[in-house]
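Enquirer: This structure is in structure tokens; I'll ask about it shortly.
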Amino acid sequence: MTKSIAAVSVTRATKPLAFGFVLAAAFVAVMLVLVAGMRPAEAAFPGSNGKIVFWAARSIASGDPSTTDTEIFSMDPGNPIGTLTQLTVNDEQDFNPAWSPNGKKIAFTSFRTDNYEIYTMKPTPEGRTNRPVNLTRNPSAHDSDPNWSLGGARIAFTSRRGISGDFEIYNTAANGTEQNPLTENTANDLNPAWSPDVQNQKITFRSDRDGNGEIYVMDSDGTDQTRLTTSSAPAHENNPDWQPGL
Ligand SMILES: [Ca+2]
Ligand SMILES: [Ca+2]
Ligand SMILES: [Ca+2]
Ligand SMILES: [Ca+2]
């Protein structure tokens, strides 16, 4: 009798548990589909090879008011001479070109307002239908070295606008809104590069905060800043970049 009651109790207890498990599994499956669907469409990696951008102190565009300043160029590596195109056309420095992940825009640094600012533009020659957009609009401080998040929504860059006057890492929306400092100290913080994981975004960068250039990583809101390298002066670690998972 006792055994029978125990058996019934187990059976009654198991059914709700099994039903609950099925519900939980279904919920997880639906959430996975939703999360997959929410991934930014701009994330284009891995993909086919497109054009290469670079900067140089040269000029091939008619109407360029100066041939000695630096300009942004693009080329198809399969036909580099036939496709070489000058994208910026002016008499000030343009450099640091970086592709958006969907290949539709380029971020770069320009001195065209007599101060270093971050701009974005379509990857075609600038002109009436392609005016570069100034994201930083900060004439009192040097802003440079843009790097897109792999979801395409945000751009990290370096700026001297902080209180201490040295370089800090900033994070902005790709349209220039929501510009937030991620570092604030009295040493240079440079070379931001985003993690490939668009759901758990982190930024790797160089910082001199320990008296020598070292590689660090932090969350994309600036929290949890962690030093990864431990070399001693005079060696500097520079320009980190994050490999997408294989
Ligand atoms: Ca020029
Ligand atoms: Ca230029
Ligand atoms: Ca500026
Ligand atoms: Ca700093």
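Every read-out reported here was derived from the displayed coordinates using simple, explicitly stated rules and does not represent laboratory data. Not measured: the values here are computed from a predicted model. When we count neighbours, we look across all protein chains shown, and the Cβ atoms used for this are built from the backbone with ideal geometry, even at glycine.
Enquirer: Want the number for residue 48 to residue 232: 0.36 nm per residue separation, take away the alpha-carbon distance, what's left?
Expert: Working: separation 184, 0.36 × 184 = 66.24 nm, distance 4.07 nm.
Full extension from residue 48 to residue 232 adds 62.2 nm.
Enquirer: Evaluate E = 1/(1 + (r/R0)^6) for residue 66 and residue 180, where r is the Cβ-Cβ distance and R0 equals 30 Å; express this FRET efficiency to the nearest 0.05. All intermediate terms of the calculation are to be shown ahead of the outcome.
Expert: Working: r = 35 Å, r/R0 = 1.18.
FRET efficiency, residue 66 to residue 180: 0.25.
Enquirer: Hey, another quick one. Work out, step by step, the length gained on full extension between residue 130 and residue 115: first 0.36 nm times the residue separation, then minus their alpha carbon distance; give nm to one decimal.
Expert: On the way: separation 15, 0.36 × 15 = 5.40 nm, distance 2.08 nm.
Between residue 130 and residue 115, full extension yields 3.3 nm more.
Enquirer: While we're on this one: Any idea what log10 I(q)/I(0) is at q = 0.09 Å⁻¹ for region 52-227, Debye with uniform C-alpha scatterers and no solvent?
Expert: Normalising to I(0) and taking log10 leaves -0.32.
Enquirer: Also, I was wondering about something else. Can you put 92, 126, 71, 178 in order of Cβ neighbours within 10 angstrom, beginning with the fewest?
Expert: Working: 92 16, 126 21, 71 29, 178 10.
Least crowded to most crowded, the residues run 178, 92, 126, 71.
Enquirer: Which distance in nm do the two modelled labels at residue 122 and residue 85 give, with both placed 7 Å along the Cα-to-Cβ direction?
Expert: In this crude label model, residue 122 to residue 85 measures out at 1.0 nm.
Enquirer: Placing unit charges on C-beta atoms (Lys and Arg positive, Asp and Glu negative, everything else neutral), compute the dipole magnitude of region 118-246 about its Cα centre in debye, rounded to 20.
Expert: Numbers: 11 positive and 17 negative charges, 125 e Å.
Dipole of region 118-246, to the nearest 20 debye: 600 debye.
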